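Since the structure comes first, as structure tokens, the remarks are kept for the end.
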Amino acid sequence: MLLSLAYTGSSTAQNRLRDAGAGCTWKAYEFRDLGVRINYKSCDPSQDQWELRQKDDWIMQHRLGDDVIFGSHYLIKVFTKPENQSIEDAIREQVIAKLEFEGRQRYRSVRRAQVSARKFCEPVDFGLRHRIRAKFLSDDKAGGKVLLELIPRPSSYRRRIERGLQQFPRDFGCGSYGAGQGTRYFEYHPKESKNRFIFVEFGWDDDALFEENSIELFEPAR
């Protein structure tokens, strides 16, 4: 079910920087219950067709006609916080303190990873590792955004993650909200909302289906 999703016509964000690609255009959508606007690709019938849906506090994308194989993809999650709480403290309280790990490992190893992640993961300036993308995301209309990513600070936990990445680049630490092979980060738009922030699962540049610089927050309907 599409929940309070409104296509806002043929308008596109005035400050978009990313090309939608051959046969595609950007179309602006609103998720009124979440208070989020976003530009999403609309492509001709010869290309894969996707649609946006809301599930609880998430915006998701679904591949039409083949969702069983390709599954559903989580794009953006909306969090709320007190206005006077810093974005860093909000992430520590709502994300880091609740990190959980699942897998085939024995319970003791999973538990150790969970304890270490909650102790050593920190929200850090996204631009420290991604200067070009951080500039892209903070241009013009997007000015004032705070961009953060979740990575382990120097520790035995981080050293263990780094050793593992030398052999098999999968686990970057800090669970499902941590840095990954694709691009993941938190956004805070204090000029638009001081009591909400979002987590963005962007993925890879070459297959991005939304324009990351187009995200706007507004007062939700609920």
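Read-outs: derived from the displayed coordinates by stated rules, not from any lab. Given the structure is predicted, the values throughout are model-derived calculations rather than measurements. Every residue, glycine among them, receives a Cβ derived from its backbone with ideal geometry; neighbour counts consider all protein chains shown.
Are any of the pairs K77/K145; K77/K119; K119/K145; K98/K119 more than 20 Å apart by Cα-Cα distance, and if so, which?
Details: K77/K145 16 Å; K77/K119 23 Å; K119/K145 27 Å; K98/K119 11 Å.
Correct reply: K77/K119; K119/K145.
Beta carbons within 10 angstrom, averaged per residue: use that to sort the peptides 30-38, 120-128, highest first. Spell out each step's value before the answer.
Numbers: 30-38: 20.2, 120-128: 18.4.
In decreasing order of mean packing, 30-38, 120-128 become 30-38, 120-128.
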